[in-house]
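**Student:** Quick one: the structure is below, and I'll ask about it shortly.
The values are calculated or read from the model by the stated rules, or taken from the named source; none is laboratory data. Just so you know, these numbers come straight off a predicted model, no measurement behind them. Note: ideal-geometry Cβ built from the backbone for every residue, glycine included; neighbour counts use all protein chains shown.
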Amino acid sequence: MELTKVKEWLSLMTLEEKASLCSGKDYWRTNALERLGIPSIVMMNGPHGLRKLDEFEVNFDVSDSAPATCFPSASALASSWDRELLTEIGVALGKECHAAGVDILLGPGVNLKRSPLNGRNFEYFSEDPYLSGEMAKAYINGVQSQNVGTSLKHYACNNKEERRMTTDAVVEERALRELYLNAFEIAVKGSQPWTIMSAYNRVNGAYCSEHPHLLNQILKQEWGFEGAVVSDWGAVNVLSEGIRTGLDLEMPSSEGYGPASIIKAVQSGALTEEALDHAVERVLQLALLSAKRSGQPIDCDYERHHNLARKAAAESMVLLKNEANLLPLSKTKRKIALIGAMVRSPKIQGGGSSHMKPTQVDDVAAAVTDKLGEGSELVYAQGYDLDNEAINKALEEEARAAAAEAEAVIVIVGLPERCESESYDRQHLRIPFNQAEIIRAIAQVQERVIVVLCNGSPVEMPWAKHAGGIVEAYLGGQGFGGALADILFGDANPCGKLAETFPVDLPSTPAYLGFPGEGDRCEYREGLFIGYRYYDSRNIEPLYPFGFGLSYTSFEYSDLYLDKKDFSDLETLTVRLWVRNTGVRTGKETIQLYVKDKVSRLVRPEKELKAFAKVELHAGEAKEIAFTLDKRAFAFYDPELKDWHAETGEFDILIGQSSRHILLEETVTLRSTTSIARQYDRQSSLSDLIADPRVEPIIRQFTQGLSDSQEKHSSEMMAVFIREMPLRSLVAFSKGAFTDEMLEGLLHLANTIGAQENS
């Protein structure tokens, strides 16, 4: 029915009308065709909350937007590791879009955190593609269950803000496939977002809005993406070229310039009308999808959504340090000092296009006061200025006095918007100087210091020794205050786990020497090794590892069981284990499964996250957790095959509480069913041929013979020497035992066997 309608519309449209549908009407809407009954599609910013503007022109003043629920940012939500929570938030966002007449919410973002300096990291989920893709998939399915679309962004390699509109991200193919595209692939195949937003930057020389390899070949043909590719706002280079290479919709309006380029290109033969029709069909499909909401009742409970935002903030907070069980705090007969300008002006969301107007914002001091019982008292001190880094002696002395008289101190610090935002990158990983100094000053008069961080991405913590407790709250949305009080006083058990590695300092980060690049060229020299992949493979101890997070209770893992120890890449592997809450209170635990390839032909990370599950357990309760792994859990992207390949060999299945805390492990053997047609020549070595299971039998005897002919005392050295030298050199070194004719015969036989195996 829908396809028929699209074809009918298309058959009735003129070339000019088709071209007009591939460009925006204004800043937030597509063009309508009233004579055919084709409506405009309204798109508005997200992703952690709707920024609905009454006007459809450019307007960056958030005060002009309608109130909506401000959920925690993506960096916080990813720390929940909770698919069900992300789906629930997506449903709420979809309902708010429906109530506001918005057809497509612009989010989520799944660009990976290559460097913690990226100013927009707060809007992205993780450094890991599997976690990012799973979080995005859950979010998208939630939003789109309400017949509201999403726009998965920014495709691809939008990993910095500086010069983002002209940067060329130079990325080798394996890193591109295994990291930067992988999160998009998981989300596309698992949720089919209505749209994907192409990034501003170039990838390996071509702009993302006119990149045939990324758009047509990988996204649409290989992954089967059914939606429309929309440009980031103002990202189009030449619209007609974009349409030819896989773009479907230019946003915002280019005031007729883009459509004119399409008409000219079709008339000159530079763009086929068939390619234009493909783009128009995808835009028309958006109109039909959004029409499904017509007549549906509006069910939007903002108070319920606020409570959900508070729950989400609590689920996302990560307890990083808790010396001597300082937390949770007692509610009775306590004098608590609450210190920091961010108490009254909390950083609850990031700056830039995602900034929006909340329906309400929890008052932090009021939320803490509500937790205190009879005989308790809360004292507030500002401690530092937010608009600069200078130490204010009067504020510092006031804070010291309040801290000295209290039984415990809660200090809220973090990164003001001037430190991190869309459009610019961070220059360092420090919190403002005056905030670090207030922590030190308070620690001189008070031992029980709890630091709460409000930041979008990692910070260095040279001041950590002065804190008995550290809570990473990220950007917690409008329910931050209530959620923080719930965590601090134990009404919610901390269950967040870091979705990114916290480095000790900036020079120890993977992209330190390659970020932000030189001019418009940004080389991803670290390749596959970002985040925990880098720290694990180089054995560098981070400040806090990927997947880390403390709890007020404890968990025990046991009884790891694999349904098979030997299997082919056509089969799945089921992994089971038991998790028990060994503490005295209910809590949630995130079980993480990593896979390690013990020996690989190509370089691989030490281990990679391939599955996770979050489970709630009452005190003493145990549950069985099951994971199913398929070929992709063991595979790498093989540039020769141009496909994913799982090699024959041994793999370790690692179960842990973080990337650095592995509790259970087992080894399995995988058998590959894929034969790789390799061609050998005179520059190949014997070791190349020996590594090929199809060819190895024909040279085993020859290799043995050469080894036997060597002096006994040097046989091991000579065997290695012979195996690693080019085959052509064997002719010279063998003293006639191996002739040039024999070499040509060996190559012919090896290549013939390879060809027969693959035919």
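**Student:** Scan segment 6-32 residue by residue and report those that are outside any helix (DSSP H, G or I) and either under 38 Å from the mean Cα position of the chain (by Cα) or modelled with pLDDT under 95 (or both).
**Tutor:** Matches in segment 6-32: 22, 23, 24, 25, 26, 27, 28, 29, 30, 31, 32.
**Student:** Tell me which of these residue 217 doesn't satisfy, since it passes every other one: (1) surrounded by 24 or more Cβ atoms within 10 Å (Cβ to Cβ); (2) in a helix (DSSP H, G or I).
**Tutor:** Just one mismatch for residue 217, condition (1).
**Student:** If you take the residues of segment 221-240 that are of a type in the set (S, T, N, Q) and surrounded by fewer than 18 Cβ atoms within 10 Å (Cβ to Cβ), which of them is farthest from residue 58 (Cα to Cα)?
**Tutor:** 221
**Student:** For residue 266, indicate whether it is modelled with pLDDT of 95 or more, touching a Cys at 6+ places or on another chain (Cβ under 8 Å) and either among the aromatic types (Phe, Trp, Tyr) or closer than 21 Å to residue 210 by Cα (or both).
**Tutor:** For residue 266, the condition - modelled with pLDDT of 95 or more, touching a Cys at 6+ places or on another chain (Cβ under 8 Å) and either among the aromatic types (Phe, Trp, Tyr) or closer than 21 Å to residue 210 by Cα (or both) - is not met.
**Student:** Just checking, how many residues over segment 152-211 are under 16 Å from residue 135 (Cβ atoms) and of a type in the set (Gly, Ala, Ser)?
**Tutor:** Result for segment 152-211: 4.
**Student:** Is there a residue being in contact with a Phe, Trp or Tyr (Cβ under 6 Å, 6 or more places away or on another chain), touching a residue at least 24 places away in the same chain (Cβ under 8 Å) and crowded, with 17+ Cβ neighbours inside 10 Å anywhere in segment 674-682?
**Tutor:** No, every residue in segment 674-682 fails to be in contact with a Phe, Trp or Tyr (Cβ under 6 Å, 6 or more places away or on another chain), touching a residue at least 24 places away in the same chain (Cβ under 8 Å) and crowded, with 17+ Cβ neighbours inside 10 Å.
**Student:** Looking at the structure I just gave you, is residue 180 under 24 Å from residue 511 (Cα atoms) and free of Cβ contacts under 8 Å to residues at least 40 places away in the same chain?
**Tutor:** For residue 180, the condition - under 24 Å from residue 511 (Cα atoms) and free of Cβ contacts under 8 Å to residues at least 40 places away in the same chain - is not met.
**Student:** Mind checking which residues of segment 573-594 are in a loop (DSSP other than H, G, I, E, B) and among the acidic types (Asp, Glu)?
**Tutor:** If the condition is that a residue be in a loop (DSSP other than H, G, I, E, B) and among the acidic types (Asp, Glu), then no residue fits.
**Student:** How many residues, within segment 729-743, are of a type in the set (D, E, K, R) and not in a helix (DSSP H, G or I)?
**Tutor:** Residues meeting the conditions: 1.
**Student:** Considering only segment 143-150, I want to know if a residue exists there that is farther than 27 Å from residue 287 by Cβ, polar (S, T, N, Q), out of contact with any Pro (no Cβ under 8 Å at 6 or more places or on another chain) and assigned by TED's automatic domain parsing to the domain that holds residue 202.
**Tutor:** no
**Student:** Would you please name the residue that is farthest from residue 679 (Cα to Cα), looking only at residues in segment 732-752 that are at pLDDT 80 or above and either surrounded by 13 or more Cβ atoms within 10 Å (Cβ to Cβ) or of a type in the set (Lys, Arg) (or both)?
**Tutor:** 742
**Student:** Could I ask something else about it? For segment 184-208, how many residues meet the condition of being assigned to a helix (DSSP H, G or I) and out of contact with any Phe, Trp or Tyr (no Cβ under 8 Å at 6 or more places or on another chain)?
**Tutor:** Looking only at that region, the number is 3.
**Student:** Considering only residues of segment 391-413 that are small (Gly, Ala, Ser) and closer than 23 Å to residue 334 by Cβ, which is surrounded by the most Cβ atoms within 10 Å (Cβ to Cβ)?
**Tutor:** Here the answer is 399.
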